[in-house]
Amino acid sequence: MSLRDASSLLPPLRRGGRGRVRSGGRDLPLLAGMIAPAAAVFGAFFLLPLARLFAIGGGGAEGWAAYATILTDAGHRDGLIATVLLSAAVTAATLAASTVAGLFLVRHRFPGHALLVAMLTFPLAFPGVVVGFMVIMLAGRQGLLGTITQALFGGKLVFAYSMAGLFLGYLYFSIPRVILTVMAAAEKLDPRLEEAARSLGATRAQLVAHVILPALKPALLSAGALCFATAMGAFGTAFTLATRINVLPMIIYTEFTLQANLATAAALSLVLGLVTWAVLAAARSFAGSSVAAAG
Amino acid sequence: MRRRGLSFWAQLAFTLLLCAFLVTPIILSMLAGVTANYFVGLKSGLTLRWVEEVWRLYADTIFLSLRIAFACLGCTLLLGVPAAYALARRQGPAARLAEELLMMPVAVPGLATALALIVTYGGVGDLRSSWLFILIGHVLFTLPFMVRSVLAVMTSVDLRTLEEAAASLGAGFARRFFGVVLPNCASGILAGSLMVLTLSVGEFNLTWLLHTPMTKTLPVGLADSYASLRIEVGSAYTLVFFLMIVPSLILLQALARRARSNP
Amino acid sequence: MPSNFHLDAVPIRLQACGKSWEGGGRALEPLDLAIRGGETIVFLGPSGCGKTTTLRIIAGLESPDPGGRVFFGEEDVTELPIERRNVGMVFQSYALFPNMTVIENVAYGLKVRGVPRVERAARAEEMLEMVKLGEFAGRRIDQLSGGQRQRVALARALVVRPRVLLLDEPLTALDAKLRDGLRLEIDRLLRQLGITAVYVTHDQGEAMALGDRIVVMAEGRIAQVGTPREIYYRPANAFVAEFVGTMNRLSGEARNGRMRLGPGFGVALASLPWSGPDGAQEFLVRPEDIDLAEEGGHFDARVAASVFLGDRTRLVVETEGGQPLTVDAPGRADFARGQSVALRLDPNRLLTLPA
């Protein structure tokens, strides 16, 4: 188990390995007993509360219609659209940047290589609040970009406390883990594939387009889905930057704390959870099937 | 090795730029934490005043975070390792479903989980004002990481043959589990443990809703200081946070390197 | 297969091609080698002997140390990267592109060369027919068996009409039955196309069956270059004698047209007529060249072990003087451990190593 795998938050599993024991029924009670504690905690503190939250979501003044407000209420709908667009943009930018850098780091060795990898992956475990603060350091009122632009152009560039700041923050947050995923996948590529393509006359660009990117597709898919899901549900960064940014997690938080509208908050957070989980599950089964196709 | 063309240097430049994007704010914030007046700049002199102030204001959040992190590690080890073993041993759809369900707390946003916990257990005894309430949230969130880390190693070593060999030599289940299974999964357990500690110390999404004025963790304190105190204090606090997670991050990277060099 | 499909027979010449590793140490001592146009040459040797490095230098995947040159015909290709050398490569691991179908794999080299779609498809199909996989054109790679995959790889390498076909242990990943079939197929294709081919293997059976000539390599050097028969029957040195096939080494001496075998045989053998060089101290003999004698054996030995191999029985015997020998007997003959056998040597089938 390597950090490469662990760090992309959920390490990918190689299915169908020899390690899986087709167990005789004899051990069944034993195995059930081993998973029981985790199952009990999980059921009592996750499934049951979620079910309760679901009931509360439908038990407010609006009844079950609360679940529809995400589409019917203009503010909520705009928030949802903004969140989805932001997450999609972050995912696209992260995938592009991380693929370039990750491939470069796997395909070239040079002095300082290990240090560069270490630095690129260092922010991996930063919580959202700290990421928000990093954005403030870069683009806040006393930030680096502001200071530089002030000196150069006489005007301060400050965008930390807006959607652009949030974009930068999610990018900051996502790049390390996606780079790790790309590197892990690229290192597993059979170098003979590349040699075969080159022996057939493929240029570097053709090699990347026809052989390497298709081979990385499953990894990119699952990393992208994870990136998207994280951006959808992230709360700390937005919280640090500004409470006025109209993304779904902030809306939920405001409904819950400031307006004490528990039913709406419950409904919205469940919808958000469902969307996120569905994206992840879809990507996983999609990536899984293309892995199988790759043999 | 082929000659390095324009494309090599362009890619290197891009990667360095990316690296600068990630590292510059870290360095800036560490500097700001020890600068007398960040607005004036470094020429105002270096000082530990802000770090001291953080310690005065927030020492209890640091201890609480550490306590929760290690308690969380204990829980995820006790719950997660046996669960991973059971999942590794069973192939059927029921096992896959259990695995998928156990992963859910990562996919479901922390806000939803926290709200669910509050509406269900917020009124039970003193739980709401206890640090155990936060612990519950952290265990839910970190358990998937422990299970996955251990499961990944269990599926890559040939657990079946090892266990059958041990059984053929007369080892009973307990002997096999503690003498053969666990030692061979040590790397996964270690990676999972470091991951759990790091994630728990930094957890904010759940914790922000679960905490009370008496149970503030480090990230809650961070958010607090970012919002209401001068940037030097926030920076000094962030510096303290970095120092807390750096050891486990370095260990994780060393572990990864070792795993790469002898796969 | 259309009879007009014939590839140019390009001769290849390596001149002082050596290879040092970056950390120091030589993978390959500088070597010279001329490969004739249309010839199938097999590099044979244990792992780490430099055979794959040599293949990769010819391919353009490694460059030789300064001073080394590679010629395709009259053209010096040393500086050309692999993608501009026009070579065909076949790998042990097949290296088929998993994201493409069978026909897309075969057509890939034509695609990057800008061959129009229609011609591309026609040529790829023709090539697939040639390796008898015509009906598999639309399949995904993971729907093929190992043998089929390697045939697709062959088609993919050949369809671009390469100047040389390079095969790196192409049969090693297959099981024994498939290996024989595909070996025959490769042999047929190479003869039919008339292409220059370089084949790397550690399997001497493959080397013997496929090679016009074999280059035996050891520790980064060429140990011997020769036809399979030359390698087998006239090994140039002790390494080749030991590595290729099984060889018994007997000490003795040859003088004045007679030879005698010495002390390992207990009683020295009555001298036999000898037409080889005078002064030889050591004689080599293959297990199949020692005969079991009904009567009039040259010496007696005791059976120490017997292994039934189907077509023959391989015996390890020990002479009275304690010299172990490996001897092949007919498969139907059965031997007990400790049984005494009488053996004959034909002096004409004894070999000596050049001094």
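The values are calculated or read from the model by the stated rules, or taken from the named source; none is laboratory data. Predicted model only: the values in this text are computed from it and were never measured. Here the Cβ positions follow ideal geometry from the backbone for every residue, glycine too, while neighbour counts run over all protein chains shown.
For the reader, a short list of remarks on this structure follows.
- The set of residues in the stretch C:146-198 being among the β-branched types (Val, Ile, Thr) and either within 22 Å of C:Leu33 (Cα to Cα) or assigned to a helix (DSSP H, G or I) (or both) consists of C:Val152, C:Val164, C:Ile186, C:Ile195, C:Thr196, C:Val198.
- In the set (1) out of contact with any Asp or Glu (no Cβ under 8 Å at 6 or more places or on another chain); (2) modelled with pLDDT of 80 or more, the condition left unmet by A:Thr243 is number (2).
- Screening the stretch B:140-170 for residues that are among the hydroxyl-bearing types (Ser, Thr, Tyr) and within 7 Å of chain A (Cβ to nearest Cβ) and picking the one that is surrounded by the most Cβ atoms within 10 Å (Cβ to Cβ) gives B:Ser149.
Conditions (1) within 14 Å of chain B (Cβ to nearest Cβ); (2) in contact (Cβ under 8 Å) with a residue 24 or more places away in the chain; (3) under 29 Å from B:Gly202 (Cβ atoms), marked per residue:
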residue: A:Leu53; (1), (2), (3): yes, yes, yes
residue: A:Gly58; (1), (2), (3): yes, yes, no
residue: A:Trp64; (1), (2), (3): no, no, no
residue: A:Thr69; (1), (2), (3): no, yes, no
residue: A:Thr83; (1), (2), (3): yes, yes, yes
residue: A:Ser87; (1), (2), (3): yes, yes, yes
residue: A:Ala101; (1), (2), (3): yes, yes, yes
residue: A:Arg109; (1), (2), (3): yes, no, no
residue: A:Leu120; (1), (2), (3): yes, yes, yes
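Rundown of residues vs (1) crowded, with 18+ Cβ neighbours inside 10 Å; (2) of a type in the set (A, V, I, L, M, F, W, C); (3) more than 24 Å from C:Leu190 (Cβ to Cβ), yes/no style:
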{"site": "C:Arg113", "(1), (2), (3)": "no, no, no"}
{"site": "C:Pro116", "(1), (2), (3)": "no, no, yes"}
{"site": "C:Ala121", "(1), (2), (3)": "no, yes, yes"}
{"site": "C:Glu126", "(1), (2), (3)": "no, no, no"}
{"site": "C:Glu129", "(1), (2), (3)": "no, no, no"}
{"site": "C:Leu133", "(1), (2), (3)": "yes, yes, no"}
{"site": "C:Ser145", "(1), (2), (3)": "no, no, no"}
{"site": "C:Arg149", "(1), (2), (3)": "yes, no, no"}
{"site": "C:Val152", "(1), (2), (3)": "yes, yes, no"}
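- The stretch A:204-218, residues that are at the interface with chain C (Cβ under 8 Å from one of its Cβ atoms) and either in contact with a Pro (Cβ under 7 Å, 6 or more places away or on another chain) or within 14 Å of A:Pro191 (Cβ to Cβ) (or both): A:Val211, A:Ala215
- B:Tyr38 being within 9 Å of chain A (Cβ to nearest Cβ), aromatic (Phe, Trp, Tyr) and more than 30 Å from C:Pro81 (Cα to Cα): yes
- Selection status of A:Ala93, at pLDDT 85 or above and assigned by TED's automatic domain parsing to the domain that holds A:Ala185: yes
- Verdict on B:Ser248 being within 23 Å of B:Ala71 (Cβ to Cβ) and among the polar types (S, T, N, Q): yes
- Counting only helices (runs of 4 or more DSSP H) that fall entirely inside the stretch A:42-110 and contain at least 2 residues that are closer than 30 Å to A:Lys188 by Cβ and β-branched (Val, Ile, Thr), the qualifying elements are A:74-107.
- Residue match in the stretch C:323-340 (condition: of a type in the set (Gly, Ala, Ser), more than 26 Å from the chain's Cα centre (by Cα) and closer than 20 Å to C:Gly252 by Cα): no
- Residue list for the stretch A:28-46, filter: under 16 Å from B:Gly122 (Cα atoms) and more than 7 Å from every other protein chain (Cβ to nearest Cβ): A:Ala44
- Residue in the stretch C:23-32 that is under 21 Å from C:Ala157 (Cα atoms), within 14 Å of chain A (Cβ to nearest Cβ) and not basic (Lys, Arg) present: no
- Identity of the residue in the stretch A:140-184, in a loop (DSSP other than H, G, I, E, B) and basic (Lys, Arg), that ends up farthest from the other protein chains (Cβ to nearest Cβ): A:Lys156
- Matching residues, the stretch A:170-213, being charged (D, E, K, R) and farther than 16 Å from A:Thr99 by Cα: A:Asp190, A:Arg192, A:Glu194, A:Glu195, A:Arg198
- Listed conditions (1) within 12 Å of chain A (Cβ to nearest Cβ); (2) surrounded by 19 or more Cβ atoms within 10 Å (Cβ to Cβ); (3) over 20 Å from C:Ile195 (Cβ atoms) are all met by C:Pro64, apart from (1).
- Criterion: free of Cβ contacts under 8 Å to residues at least 60 places away in the same chain, assigned to a helix (DSSP H, G or I) and within 11 Å of chain B (Cβ to nearest Cβ) - qualifying residue of A:Leu270, A:Leu280, A:Leu226: A:Leu280
- The stretch B:219-236: number of residues that are under 26 Å from B:Gln253 (Cβ atoms), in contact (Cβ under 8 Å) with a residue 24 or more places away in the chain and at the interface with chain A (Cβ under 9 Å from one of its Cβ atoms): 2
- Against the list (1) surrounded by fewer than 21 Cβ atoms within 10 Å (Cβ to Cβ); (2) at pLDDT 90 or above; (3) outside any helix (DSSP H, G or I), the condition A:Ala202 fails is (1).
Yes/no per residue for (1) touching a strand residue (DSSP E or B) at 6+ places or on another chain (Cβ under 9 Å); (2) more than 10 Å from chain A (Cβ to nearest Cβ):
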site	(1), (2)
C:Asp76	yes, yes
C:Ile82	yes, no
C:Tyr108	no, no
C:Arg120	no, yes
C:Leu128	no, yes
C:Arg163	yes, yes
C:Leu167	yes, yes
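- Among the conditions (1) crowded, with 19+ Cβ neighbours inside 10 Å; (2) farther than 14 Å from C:Arg221 by Cβ; (3) small (Gly, Ala, Ser), C:Gly50 misses just one, which is (2).
- Just one of the numbered conditions (1) over 30 Å from C:Pro170 (Cα atoms); (2) of a type outside the set (Gly, Ala, Ser); (3) modelled with pLDDT of 85 or more is not true of A:Phe286: (3).
- Taken over the stretch C:15-52, the residue count meeting the criterion of being touching a helix residue (DSSP H, G or I) at 6+ places or on another chain (Cβ under 7 Å) and not in a loop (DSSP other than H, G, I, E, B) is 8.
- Pick from the stretch B:108-127, criterion over 18 Å from B:Arg67 (Cβ atoms) and surrounded by fewer than 23 Cβ atoms within 10 Å (Cβ to Cβ), ranking: nearest to the other protein chains (Cβ to nearest Cβ): B:Thr120
- Complete set of residues in the stretch B:56-91 that are over 23 Å from the mean Cα position of the chain (by Cα), surrounded by 14 or more Cβ atoms within 10 Å (Cβ to Cβ) and more than 14 Å from chain A (Cβ to nearest Cβ): B:Leu57
- Matching option when the condition is out of contact with any strand residue (DSSP E or B) (no Cβ under 8 Å at 6 or more places or on another chain), surrounded by 16 or more Cβ atoms within 10 Å (Cβ to Cβ) and either within 30 Å of A:Leu268 (Cα to Cα) or modelled with pLDDT under 90 (or both), among A:Asp78, A:Asp73: A:Asp73
- In the stretch B:37-55, the residues that are crowded, with 19+ Cβ neighbours inside 10 Å and either over 28 Å from the mean Cα position of the chain (by Cα) or without any contact (Cβ under 8 Å) to a residue 12 or more places away in the chain (or both): B:Tyr38
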